[in-house]
Amino acid sequence: MSKPIISPSLLSANFLKLQEDLEIINKSEADWLHIDIMDGVFVPNISFGFPVLKYVAEACTKPLDVHLMIVQPEKFIKEVKDLGTMMMNVHYETCTHLHRVIQQIKDAGMQAGVTLNPATPVCVLKDIISELDMVLLMSVNPGFGGQKFIPQTLNKLKDLREMIDSTGSHALIEVDGGVNLEVGKLLVDGGADALVAGNAVFKAPDMVDMIHRLKNI
Ligand code: DX5
Ligand code: ZN
């Protein structure tokens, strides 16, 4: 089994020592940096916006995995691209015309991911799975770091793995929310390709070591 992609979530960083935290991520085995953008409408919280992220993007040497928890995410494709983003994830629940949004993201030169809330079943992606570079399964209700993993995610992961394998889709599976070493192992065994980890990484006494342990789970 290949090692999982590790994407530490910036939301849990200490913003008073952001440069220091980013330098630690840069020298670690982290593969990507996960960036959570919230609007206080789709989710009951507001995180950070593009003026802040411009500096984050400059200081970070890892590819950016951007998770938009905002209504009408298609309005910000250019801003996300201008950060140098590799992967832009939009929520299924925010896109009436999901197929169009995915095409727009790809036309902008980014990889396209779709995120599912915990109560949204995997089957809604059946007719678009072949177009996707990633599916991001939320394993908590989006909006906050440090929440408890929802175990039903493991059943969804099984459904999604089957859908991807049976259709020949190249989409990666990423899981986000409440991921720690114990949960991460179950997810990797269940076929997840990428793990987002916020609190598990940024609140660890040794972030580099925690990332190493997640990578070798
Ligand atoms: C929640 C965000 C997550 C969050 C994960 O809405 O999408 O990326 O930062 O944090 P942890 O790993 O602490 O649950
Ligand atoms: Zn996220």
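The numbers here are math on the coordinates, done by the rules we state, and not lab data. Not measured: the values here are computed from a predicted model. Neighbour counts run over all protein chains shown; Cβ positions are idealised from the backbone, glycine included.
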| task | Of the conditions (1) touching a helix residue (DSSP H, G or I) at 6+ places or on another chain (Cβ under 6 Å); (2) outside any helix (DSSP H, G or I); (3) closer than 20 Å to H34 by Cα; (4) more than 13 Å from ligand 2 (Cβ to nearest atom), E79 clears all except one; give me its number. | result | (2)
| request: Report those strands (runs of 3 or more DSSP E) wholly inside the range 91-193 carrying at least 3 residues which are under 30 Å from D209 (Cβ atoms) and not aliphatic (A, V, I, L, M). | output: 111-116
| Taking the range 9-56 as the search range and keeping residues that are more than 15 Å from T85 (Cβ to Cβ), of a type in the set (V, I, T) and in contact (Cβ under 8 Å) with a residue 24 or more places away in the chain, which one is nearest to ligand 2 (Cβ to nearest atom)? | V43
| request: Sort out which residues of the range 57-71 are more than 28 Å from I217 (Cα to Cα), away from ligand 2 (no atom under 15 Å from the Cβ) and either of a type in the set (V, I, T) or part of a loop (DSSP other than H, G, I, E, B) (or both), and write them in order of number. | output: V71
| said: Any residue in the range 123-150 that is closer than 13 Å to D176 by Cβ and among the hydroxyl-bearing types (S, T, Y) sitting within a Cβ distance under 6 Å of a residue that is within 13 Å of ligand 2 (Cβ to nearest atom) and in a loop (DSSP other than H, G, I, E, B)? List the pairs, counting only those 6 or more apart or interchain. | reply: S139/G177; S139/G178
| Restricting the search to the range 128-143, which residues are charged (D, E, K, R) and either within 11 Å of ligand 2 (Cβ to nearest atom) or surrounded by 19 or more Cβ atoms within 10 Å (Cβ to Cβ) (or both)? | D133
